[in-house]
Structure formats: structure tokens, C-alpha cells
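Let me begin by presenting the structure, written as C-alpha cells, before commenting on it.
The values are calculated or read from the model by the stated rules, or taken from the named source; none is laboratory data. Keep in mind that what you see is a predicted model, and the values were worked out from it rather than measured. Virtual Cβ from ideal backbone geometry, glycine too; neighbours counted across all protein chains shown.
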Amino acid sequence: MLGEQIIKGMAVTARNFFGSYVSKERLTTVQYPEERLVPKENTRQFPFLVYDGDDAEKGLRCVACQICEKECPPQCIYIVKSKDKKPDYKGQPQLYPLTFDIDISVCMSCSICVEVCPFESIKMDTEFELSTDDRFAGLLLHKQDLAKPNSHYHQVHAQDAKDSDAVIAGEKAKAEAKARAAAEKARAEAEAKAKAAAAAAAPAPAAPPPPAA
Amino acid sequence: MSLPFLIIAFVTLFAAAAAMSLRNLVHCSLAFVVAFAGLAALYLNLDAQFVGFAQILVYVGAIAILIVFAILLTRSGDTPNEAVLAPGWFYGIAVSAAVFTLLGWAVLSSSALPKEVSSAPQTTVKNIGEALMNKYVLPLEIIGLLLTAAMIGAVIIALREPGKTKMEAGELKIDKTAPPSSILHPPSSTALTGGHS
Amino acid sequence: MFEKLDQIFVTLKHLVLGYVPEALQPLVSAVLSVTLILSVFPGIFAIVTIFERKGIGRIQNRYGPNRVGIPFTNIRLCGFGQFIPDGIKSLTKEDIVPRAADRVVHFLAPIVMLIPVLLAYAVLPFGRNMTVADFDAGLLFFFAVGGAVEISVFMAGWSSRNKYSLLGAMRAIAQMVSYEIPLILSAVTVVMIVGSLKLVDIVAAQNHYTFGIAHWYVFTPWGFVGCILFFIASLAESNRSPFDLPEAESEIIAGYFTEYSGFKFALFFLGEYLGMFAIIGLGITLFLGGWTSPVSFLTWIPSYVWFVTKMIAIVFVFIWIRATLPRLRMDQLMNLAWKLMLPLALINIVVAGIWHFMGPDWQRWLVCAAIIFGAYLVLGRGLMRHQKLGKRTYRYAE
């Protein structure tokens, strides 16, 4: 009969109408500022700079090697090297960035900078609420905006942060082992030298000890 | 001659004059609609509600739309460039004025005309309905039959004969070289093209 | 006390008129009535737009607008303040007139749209003793001014000098002309039974109660069919889904108001909704008892409250239909009007005659219902017979 299907269709829409008031799972909308979805593990927005410890200036892992600046496809990173050096986590004196700017209005979130960084110092953040009313200065992030503690990295990407920590720990351990080995060697050489000196009452001056590294 | 009558009469005459003298045919037809509405207002001013509303319903609602559609579907959109008045306008006006004078004189001097003006009868819709259904029921039915016959005739003319293809039936003649019909571009195309230069 | 509440607007008007000199009284009376209509119905329009968006949202399992409440506060009112920014937006937007458009006609079209729509409210009885102009031929007046809307649609479509506008206007006029016939024919049945074109009389004829239930015409076989035909035709007259071909946004952008922006667009929008309210008001008056209450023990509720409640209820049904049915194709639209609704309306007139002449027996219910149901079955089968999908033929593209 004509009109039967119309009645059926109306019944379906009516069920949807009342159902949306009764059962919450019908409404798939997430009402954003109040409700938020848990970010996915692989969420990536814009890069940030990791630092260890509490002091952003002291613990910054970046050594201003400028690899990321050179690799960045849209060239949104701007780095000015420091004149002096400060010790890094391995205790080695390293340069550090006087200026580290990322223009996130240019950044395309490709995370190439993260991949090329040999120092585990630039990572991707999940922060996305970056809107501002100043489209030039507001979107140009400086070093102090970009520097975030390692604990933040653990918070946003727990697994990656663990891997990164492991790498750093490995590097550190390797450096320490090397330093220890070097120290051992130096000591052994010194001992040998001393022995030789003792053996040969008047030895010729030995070659200078090899550098520690 | 009350003030409302004067206003309505002025608007109606003005619209009628505009309908005659405007260049763009669609403007003419729209002015014509205003004239129809003015006539309806005159009827209402005379307390003839039924006739007034029927005037709006039939003329503004139907006839005007018919005119407008006829213009759109038959004419090209170009505004004619020749003068509004035909070359022999003087003779035309003279002839029509003479005819009007003659008719007016004949009517006014006729003995069939009642000498004193009787007061307007109180016509309600109910009166009209009763008159249509009692005294004038036969004319009404005949008009209805006539209109039905006309409608059926129109349907038959519009109906495609089975078996004949459209081209044979002459319904559709495609001229590949001709520019597309101007149905979709009713107003002048000069303004469109001229505006860009 | 309730009677005073019922007549509060009438009393207030008389109170105000008491302070006005005799000569100015008709003018002041008209201004007061018009002011009330101009403030109430656009207000209902504002609320209904929110209802529509929220209702369709819920039907599609969304929330709909739920943010804007009272400005400058955090009170959200479930989004019912949305119409305020919407209105401000449409008022402050740039008014664009296409360079090639016919400026005068383009400017006049929305005004010409709104005038007949507002005029139609003059004859509607909103409540007991609440009719602005109680014409003898009130129903005819309504249809007459309703017919004038077509001219404005044409003006808008033609003057924009845009193919979509003109196509939309052509579609709109074809649709309005086609559906005006079942609209008027379904209303004719009521006129036949009541014996008057006066809307106040039509309401008064339905203001009786048997066993506490009102004598609305929708409760009779012919009235039921007439009511449904009327509301289907009024859906088409007000260009609402599923009859929204004239403004089908997936085909012709926005139809005849494609080239309108800012406040002129808002006027079209307003005119469309006010037209819908007016035609719903007429349908209520004709078939749903106007301002009368459905059951006798609720007659203490003020009459205008009943009128507005019924109107909002029908608007809800319209929204529900809009959210359910897809848009008709042009041939389906015409088939529905000419092959189903027109014959059914004509048969319904005959049935109303039978109803009138069979007297107050119970048999007339059976006879009338049987005739209508049989006609519906036959006509419905005829309409559905050709609904087989097959190779599509194009009339003008061979």
C-alpha cells in the first residue's frame, strides 16, 4: 500500500530521536572543550626540545649541531650557536643553542628533525591547542617555549621516551666505559712507563699519552 | 472621491502606464501585476470583497504567472532597441480617443441607463454563492464543462502520440549550430558581456 | 479568572483604545494588532529554527546547537540563544548584488515575498475574539494573498540573472501552482460542511463536544483525508523537504535566493517560515479546531495557547518529515500532485457531500470511510505501478 514505507521510515527517525535522549552511546559527538578523547600513542603535532633535570638551560640536550635546521624541509628551524661551551650529560663540553626558534605556522609536522637528531634532543609533542591572535609572534616558538622536561616526554609518549632514555643511558654507559677504559689504559701506561722508567734508569722521554677519547 | 480611492487610482494608472511604456518585457509584466493589484484594491474599496479577492487570486496569482512564463519561454531576453512608441502613434491615439468619445457619448445619452443611481446592494459571499447555485447554476455548469473540455483538449495536444519518435512528431528540433536557447538567460546579455570589458 | 486570561490581549487592546481619540481608534487598533503579530511570529520563527536544528540533530544522533545561551554569561540554555548571533550575523553581513542583476527587482523581491505572507495572518483566528480582520471571504483572502508569493519568487529568480536562481524559481512556481489545487480543494470540503468562508465561523462550528471530545473535522473520514492532503500540499507550498526542489542545495545551490545575502537572505528565510506558520495556522483552523481545546476538561487553557501549541506540534511533524524523507524527483512531484492528490481531493469533496446529506447516522461513517479507503487503495496502486527501476531515458538529450 502507498505510504507504508513512509510510516516505517518515520518510525525509524522517531526511534533515533528518542533514543538519542535515552542512550548515550548513540551520540558519538565528543563535545570538545569539556570532553576530550585520550590521545593516541602515535599522536604527533609539533617538535619540542627535551631537557634533563629541572633546569631548562643546563639540562638541554641540544648541542646546536644544526642538523635539524639543515634537514627541515620547510626550513622552519632557526638556530644560533653559542660561543662558549657547557658540559653535556656525558660531562663533555658542548656548544648549546643561544637561539632555537621553530615557526609552527611553517612547520609541517613531518618529524624529520626528530629522526635526524643524533642527541635525542628534539621530539614530537602532542600539544595542539596553539591558536593565538598573533599570527607572527604567537606562532614563532622560542627556546624557552620549546624546552620541556623529560618527564613531559614520558607523559606524552611513554614508550618512545623509555627507548630514548635507554639510548642515552647506553651512550652514557659507553662514554663512561670508554672513559674508564681510557683511564685504565692511561693508568696502565703510566704504570708501564713508571716501570720502564724504573727499569731503565735513564729512559728516553716517552711519546705523549693518547687522548682520552 | 476619497483619499484612498485617489491613491489607489493613481497607483493603478501609473502601473498601467508603466506596463505600456517600459522597455523590458518582464518589467512590463511586473508593472501589470501592480495594476491588477490596484484593481483588486479598488474592488475592495467598493466593499466587493469576493470580486477583489478573486481578482488577486486569478490575476496576480495565475494570469501574471502565465504572462511571465510565456515571455520567458518564447522571447529572447534582449531588450528591444527601437522606440517604445510605434511610428504611427499619433494616429493611433487619435483613433482610440475618437472611439472612446463616441462610445462615451452613446452610453451616456442612452435611454436604457437608469437615471438615478441606486444604492449599492449588500452583497455577501453567501449571496453570491446562493445566486451561483440557484439562479445561475446552469451557466456555471456550462462554464465548468467548457473549461473541462478545454483542459482535456490541452492534455491531448500535449500528449505524445505513441509509436512516433520525438523527432518525427516535431516536438524537438535540434539545431546544433544555433546558440542555446535563452531560457536560462532571460535578461539582456549585453549587460553581462558589456560589464566585463 | 481563566476567562480573563483568555481575553487578556483583547482587554488590553480595549484599554489602550480607551485613551485614544475616536478618530484615531481604527488606526491604533490596527497598529496594535499588527505589532503583536510582528513580534510573536518572528519570535516563534527564531525559536523554531533552533528546534529544527536540534531536532534534526537528534534524529541523526547529533547534539545540534547547544552552546549559545544568554550573551555575556555562561548560561547556555541548551543552545536556545543561537538565534541571537544568527540574527546579528545576517544583519551585519555584506549585502551583495550581482553586477548583472536587475537592481530594482532584486531589491523588491524579498519585500514582495514578505508582504503577502504577513497579510495572510490578518484573517487567522489566533484565539477567541482574536482575529485582526474578520472578512466574510477570509479563506479566499488567504489563498489570494498566498498566490501572490509566486510573483516574488519569480522576481527573485529572474532578477538575479543566474541560471540556478531562474531554475529554482521555475521549479518553485511549477510546484506552487500544482499544489495550490489540492490545497484549495481539500479546504473546500470544510467550506461545504460549514457553509461559510469566514474562518471564525469555521472554528465556531468545531467548538462542540461529544463525550468530552471536540468535533474537529480531522475526526471525520473526509476531514482526516482533507487534513492530510492539506498538510502535504502545505509542505509543498512552503518549499519544505521532501518538496524542497526549488532550493535543492545539491542541485541548484539555493534556488531562487542563490544570489541573496545578508539581510535580504534573512528576509527570504523569514518569509518562508512565516508562510509555513500561516499555512499551518490555516490548516489548524480548518481541520484541527483552531483555538479550541481537544477535550472539554481542558477548555480553561487560554485559546491562543492552544493555537500556538497546535502550530508548534505541526511544525514538529514537518521537521520530523524533513529529517525522514529524501527529496522527490520532479516527475514524482508532479505525479503525486496530479495523479494522487488531485483525484483524492475531488473524491473527498464528493464524500463530504455524501456526509452532509446522509444525516447524523452512524452509517455515514462506514460509507464515507469505505469510499475514501477504496479510492486511496486504487490511486495508490496506480501511482506505484510504474515505479520500476530501469534504463533512464532523457527527454531532451537523445
Checklist entry - Looking at (1) under 30 Å from residue C:362 (Cα atoms); (2) out of contact with any Lys or Arg (no Cβ under 8 Å at 6 or more places or on another chain); (3) within 14 Å of chain B (Cβ to nearest Cβ); (4) not hydrophobic (A, V, I, L, M, F, W, C), can you tell me which one residue C:256 breaks? => result (1)
Checklist outcome for this item: residue C:47 passes all but one of the listed conditions (1) touching a residue at least 24 places away in the same chain (Cβ under 8 Å); (2) crowded, with 17+ Cβ neighbours inside 10 Å; the exception is number (2)
Item to check | Filtered residues of region B:86-139 (kept if outside any helix (DSSP H, G or I), at pLDDT 85 or above and surrounded by fewer than 10 Cβ atoms within 10 Å (Cβ to Cβ)) | outcome: B:134
Item to check | Where a residue in region B:47-65 is at the interface with another protein chain (Cβ under 7 Å from one of its Cβ atoms) and its partner, wherever it lies, is polar (S, T, N, Q), with Cβ under 9 Å and at least six apart | outcome: B:49/B:123; B:49/B:124; B:50/B:123; B:50/B:124; B:64/B:29
Item to check | Elements of type helices (runs of 4 or more DSSP H) in region C:257-335, at least 1 residues being in contact with a Cys (Cβ under 9 Å, 6 or more places away or on another chain) | outcome: C:262-287
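Specify which of the listed residues (C:247, C:251) is under 18 Å from residue C:174 (Cα atoms), without any contact (Cβ under 8 Å) to a residue 40 or more places away in the chain and of a type in the set (Asp, Glu).
C:251
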Next on the checklist: Filter region C:135-172 down to the residues that are outside any helix (DSSP H, G or I) and more than 8 Å from every other protein chain (Cβ to nearest Cβ) and list them by number.
Outcome noted: C:160, C:162
Item to check | Long-range neighbours under 7 Å by Cβ, at least six apart or interchain, first residue at pLDDT below 85 and in a helix (DSSP H, G or I) within region B:18-34, second of a type outside the set (S, T, N, Q) and crowded, with 22+ Cβ neighbours inside 10 Å | outcome: B:26/B:68; B:26/B:186; B:26/C:158
Next on the checklist: Tell me yes or no: at least one residue of region A:16-25 is touching a strand residue (DSSP E or B) at 6+ places or on another chain (Cβ under 9 Å), outside any strand (DSSP E or B) and among the aliphatic types (A, V, I, L, M).
Outcome noted: no
Checklist entry - Do the conditions hold for residue A:64, that is, is it touching a Phe, Trp or Tyr at 6+ places or on another chain (Cβ under 9 Å) and either facing chain C (nearest Cβ under 10 Å) or surrounded by fewer than 11 Cβ atoms within 10 Å (Cβ to Cβ) (or both)? => result no
Checklist entry - Taking the stated definitions as given, is residue A:37 part of a loop (DSSP other than H, G, I, E, B), farther than 22 Å from residue A:145 by Cα and within 14 Å of chain C (Cβ to nearest Cβ)? => result no
Checklist entry - Is at least one residue of region A:3-11 within 11 Å of chain C (Cβ to nearest Cβ), out of contact with any strand residue (DSSP E or B) (no Cβ under 9 Å at 6 or more places or on another chain) and within 24 Å of residue A:126 (Cα to Cα)? => result no
Next on the checklist: Looking for something in a helix (DSSP H, G or I), farther than 23 Å from residue A:66 by Cα and not charged (D, E, K, R) - is there at least one such residue anywhere in region A:138-153?
Outcome noted: yes
